[in-house]
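The values are calculated or read from the model by the stated rules, or taken from the named source; none is laboratory data. Predicted model only: the values in this text are computed from it and were never measured. Positions of Cβ are backbone-derived with ideal geometry, glycine not excepted, and every protein chain shown enters the neighbour counts. Protein only, heavy atoms only, side chains kept; ligands, DNA and RNA dropped before computing areas. Shrake-Rupley method; radii C 1.70, N 1.55, O 1.52, S 1.80 Å.
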Amino acid sequence: MSRPKLQQLGVDVPILPATTVGSAPETPELAATRTAAARGELDAGQLAAKRQEAVAGWIATQESLGLDILTDGEPGRGDGVGWFTAHLKGFKPGGLVRTRGNRFVLRPVLAGEVRWTAPVTVALWSHAQGLTQKPVKATLPGPYSLLAASCNERYPTRQVACRALAREIRREADALVKAGCRILQLDEPALGSRADELELASDAIRIVTRDLAAYVVVHVCYADLGTLWPALLDLPADNLDLEMVNGDFAVPRSPAKAACPKDVSIGVIDVLSAKADTPETMLRRVKKALAVLKPEQVWIDPDCGLRSRTPDEAVTQLTAMVAAAREARRGRGG
Amino acid sequence: MNFIAASMGSYPRIGDAPGQQRLLEVAASPGRLELEAGRLDEIQQEVIRDVLAEQAKAGLDALSDGQVRWADPVSHLMGKLANVTPGALLRYFDTPLHFRRPVVSGPIAMRDSSLAADEVKWTVAVSARPVAVTLPGPLTLSRLAILRGPSYASPDALMDALVPLLADEVARLAAAGAWAIVIEEPWLLREPDAFPRLNDALEVIAARRGASRLWVFPSFGDAGALYDRLQALPVDGIVLDLTRGTGAAEAVTSAGSRLAILLGIADVRTTELETPGQLAKTAAALLRNVRAPLAGLVPSGGLEALPRDRAFAKCRVLAKARDLLSGKGRGRKRPGPRGAGR
């Protein structure tokens, strides 16, 4: 349990805090900005201004909804990891690869020695944190999933490549911490794609997080969590952010209250669905988690990022989620 | 020994080149929801023709329709069964692709005339070369399903129900002219204790294969530890992923093979291109003790994990490596796979 660590870091969050995984819903303005940027119709200054506007709008939305831990909404990040690798030396753009249905991403190629040269996410995170008194969580690709999302042509083994990526992500993490970030999330959606590489992933995450002055969340989604549990508990993270509705609460069914040493963020919104569940439904999901976890361990959030939802859908779902979180806090000193 | 180069399963349906994004354009078009099913089928057929032509141009002997019509490796078949609905989204093993776990809520049964054979019949008719079809196997399908209700008490019970349906489908595929049918079983490497059950299932399926060759593919891992048992399966050949460890390669080298053997030596997880000389040398060493009538060079899995241009390039490398391996120079006539032993 890592609540004392949050306190040491000066981060004040209520019990059963409500948050999001990272991305905000795609607004028409953001879509237009993305298109204009891709066509080269915006210069760097104009693009930065548009993204700052988007961040400001999302921060205001989260505050009005009553979320406890905010994000910058990740404007400028499309699907995949190309938004990040475009800023790292050693990567070159790759071709289109299908991820599901008719969704395609550009799969970057790790063609040379990877090298971080300058902060990628710090400016927008700082802008977001400057707009609110609430803590803003920063989000970065995890090293294992960055490897999985890329094609490695440079390094002799996956292990060597993964460690190299981790060292460069660490530099971005250091830059975020230096800017004042105290909650850092690593997105590891590929965790579990090869059960035999969980240790490799864990070692790489450790390179990113060792002695980092931040509370570390590792987000895992669309993985067979049932087969990863309880090995996930060995990951070097303070908080495991797990998609739960999509996975039908495969975990944590089994761990006894005393057996889970980490905080767990429980996904209570199926972000793949436009359907809005009621606060009562979401509260039931929270209570499922509380049957096996202590309240001090539990964070409440959607299954994954909200990019695929419309703004109206996201607001409706988050409103219900915050209501469920408040109800769950009732009588618990929150 | 007859040497072939072949493609297995998926192939990128979208590319970066002009004209290679028809399916993406359809998906993004404002009228996509109103698109007539017939029109979508036409576009898919155009893409399949391109995919077949591309593989033939690369020099492959046995081609795949690229599973262009498939939403994912699981739903395409399971979605055609009664009492099965799409469930949780899950990443498909070690690929960028995600699939919907099938939720089985009652007794499964065919809802259509076939699971894939009708499509394959068309593909065989338009393909200039023999067609290899890859199907997910009953072990993997049963383990990836979510069971609801009393119809199936366990994944094993579902597997038992899937086997006759897949055997019927194999018979239809054989009748449709499939040259080879690959039963892909990635779950076997996660659950090797299921080997006897898979053996029993393959006996039932193999009995219906007609003139087609039936191969089994324990994909997404190193099957070295299972190699001896794979050799005893009632199939005509085995496909091995040789890019994820040394165990399978060592087993082939030392034990040889009584079955046709397809060497997955072009790594689908990286855009880095192998060289024909390097692959031919590796294959020659591996096949030293193989006495089977047929050996092949294949990708280590579905090519859809790669961008289209790299998938094509990998196919070309495989074909050139086959030429080196079989001692056939450029432009010399090769016997091809038709009539080759099982």
Members of segment B:27-57 found to be at pLDDT 75 or above and of a type in the set (A, V, I, L, M, F, W, C), listed by number: B:Leu40, B:Ile43, B:Val47, B:Ile48, B:Val51, B:Leu52, B:Ala53, B:Ala56
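Look through segment B:259-292, keep the residues that are of a type in the set (S, T, N, Q) and under 27 Å from A:Arg98 (Cα atoms), and return whichever of them is farthest from the other protein chains (Cβ to nearest Cβ). So that I can check it myself, show each step before the final result.
Initial filter on segment B:259-292 (of a type in the set (S, T, N, Q)): B:270-271, B:275, B:278, B:282, B:289.
With under 27 Å from A:Arg98 (Cα atoms) added as a condition, the list becomes B:270-271, B:275.
Numbers: B:Thr270: 5, B:Thr271: 4, B:Thr275: 14 Å.
Filtering first and then ranking leaves B:Thr275.
Could you please let me know if A:Asp174 is out of contact with any Ser or Thr (no Cβ under 6 Å at 6 or more places or on another chain) and closer than 22 Å to B:Arg269 by Cα? Before the answer, list the steps.
Values: out of contact with any Ser or Thr (no Cβ under 6 Å at 6 or more places or on another chain): yes; closer than 22 Å to B:Arg269 by Cα: no.
So A:Asp174 does not fit the description; no.
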Is it the case that some residue within segment B:80-98 is in contact (Cβ under 8 Å) with a residue 12 or more places away in the chain, more than 27 Å from B:Asp168 (Cβ to Cβ) and more than 14 Å from every other protein chain (Cβ to nearest Cβ)? no
Residue count for segment A:32-51, restricted to those that are open to solvent by 50 Å² or more (accessible area, probe 1.4 Å), outside any helix (DSSP H, G or I) and closer than 22 Å to A:Leu106 by Cα: 3
Suppose we keep only residues that are modelled with pLDDT of 90 or more and open to solvent by 10 Å² or more (accessible area, probe 1.4 Å) within segment A:292-307. Which one would you say is nearest to A:Gly331 (Cα to Cα)? A:Pro295
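A quick yes/no check of all residues on (1) crowded, with 21+ Cβ neighbours inside 10 Å; (2) more than 14 Å from chain A (Cβ to nearest Cβ); (3) farther than 23 Å from B:Ile43 by Cβ:
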site	(1), (2), (3)
B:Ala109	no, yes, yes
B:Thr123	yes, yes, no
B:Ala128	no, yes, no
B:Thr134	yes, yes, no
B:Pro138	yes, yes, yes
B:Ile146	no, no, yes
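Please find, among A:Ala166, A:Ala56, A:Ala128, the residue that is more than 14 Å from chain B (Cβ to nearest Cβ), in a helix (DSSP H, G or I), farther than 27 Å from B:Arg308 by Cβ and open to solvent by 20 Å² or more (accessible area, probe 1.4 Å). Spell out the reasoning first.
Numbers: A:Ala166 fails: open to solvent by 20 Å² or more (accessible area, probe 1.4 Å); A:Ala128 fails: open to solvent by 20 Å² or more (accessible area, probe 1.4 Å).
Residue meeting the stated conditions: A:Ala56.
Would you pick out the residues in segment A:285-334 that are in a strand (DSSP E or B), β-branched (Val, Ile, Thr) and under 23 Å from B:Leu89 (Cα atoms)?
Matches in segment A:285-334: A:Ile300 only.
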Please go through segment B:291-307 and pick out each residue that is of a type outside the set (A, V, I, L, M), open to solvent by 10 Å² or more (accessible area, probe 1.4 Å) and more than 11 Å from the chain's Cα centre (by Cα). B:Arg291, B:Pro293, B:Glu304
Count - residues of segment A:311-326 that are of a type in the set (D, E, K, R) and under 20 Å from the mean Cα position of the chain (by Cα): 1
Are any of the residues in segment A:213-233 touching a helix residue (DSSP H, G or I) at 6+ places or on another chain (Cβ under 6 Å), assigned to a loop (DSSP other than H, G, I, E, B) and surrounded by fewer than 21 Cβ atoms within 10 Å (Cβ to Cβ)? yes
State whether one or more residues within segment B:161-176 are touching a strand residue (DSSP E or B) at 6+ places or on another chain (Cβ under 6 Å), farther than 27 Å from A:Gly226 by Cβ and in contact (Cβ under 8 Å) with a residue 60 or more places away in the chain. no
I need every pair where a residue in segment B:196-215 that is open to solvent by 50 Å² or more (accessible area, probe 1.4 Å) has its Cβ under 6 Å from the Cβ of a residue that is not in a helix (DSSP H, G or I), sequence separation at least 6 or different chains. B:Glu203/B:Pro234
Cross-chain or 6+ apart pairs with Cβ under 6 Å, segment A:91-104 first and at the interface with chain B (Cβ under 7 Å from one of its Cβ atoms), then open to solvent by less than 60 Å² (accessible area, probe 1.4 Å) and small (Gly, Ala, Ser): A:Asn102/B:Ala27
Segment A:186-241, residues that are among the aromatic types (Phe, Trp, Tyr), away from chain B (no Cβ under 14 Å) and in contact with an Asp or Glu (Cβ under 8 Å, 6 or more places away or on another chain): A:Tyr215
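For A:Leu191, state whether it is closer than 26 Å to B:Arg310 by Cα, of a type outside the set (Lys, Arg) and part of a helix (DSSP H, G or I). Talk me through it step by step, then tell me what you get.
On the way: closer than 26 Å to B:Arg310 by Cα: yes; of a type outside the set (Lys, Arg): yes; part of a helix (DSSP H, G or I): no.
So A:Leu191 fails the test.
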Counting only residues that are open to solvent by 10 Å² or more (accessible area, probe 1.4 Å), in contact (Cβ under 8 Å) with a residue 40 or more places away in the chain, in a loop (DSSP other than H, G, I, E, B) and more than 11 Å from chain A (Cβ to nearest Cβ), how many does segment B:65-79 have? 3
A:Val160 fails exactly one of (1) within 14 Å of chain B (Cβ to nearest Cβ); (2) within 24 Å of A:Arg206 (Cβ to Cβ); (3) in contact with a helix residue (DSSP H, G or I) (Cβ under 7 Å, 6 or more places away or on another chain); (4) open to solvent by 10 Å² or more (accessible area, probe 1.4 Å), namely (3)
Tell me whether segment B:308-317 contains one or more residues that are assigned to a helix (DSSP H, G or I), more than 14 Å from chain A (Cβ to nearest Cβ) and open to solvent by 10 Å² or more (accessible area, probe 1.4 Å). yes
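Conditions (1) assigned to a strand (DSSP E or B); (2) more than 13 Å from every other protein chain (Cβ to nearest Cβ); (3) at pLDDT below 95, marked per residue:
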position	(1), (2), (3)
B:Asp222	no, no, no
B:Leu233	no, yes, no
B:Arg244	no, no, yes
B:Ala251	no, yes, no
Any hit, segment B:255-275, residues being in contact with a helix residue (DSSP H, G or I) (Cβ under 6 Å, 6 or more places away or on another chain), touching a residue at least 12 places away in the same chain (Cβ under 8 Å) and part of a helix (DSSP H, G or I): no
Got a sec? Which strands (runs of 3 or more DSSP E) wholly within segment A:66-120 have at least 3 residues that are modelled with pLDDT under 95 and open to solvent by less than 40 Å² (accessible area, probe 1.4 Å)? A:96-100
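Report, by residue number, each residue of segment A:176-194 that is surrounded by 18 or more Cβ atoms within 10 Å (Cβ to Cβ) and of a type in the set (A, V, I, L, M, F, W, C).
Residues of segment A:176-194 that are surrounded by 18 or more Cβ atoms within 10 Å (Cβ to Cβ), as a first pass: A:176, A:181-194.
Listed by number, the residues that qualify are A:Leu176, A:Cys181, A:Ile183, A:Leu184, A:Leu186, A:Ala190, A:Leu191.
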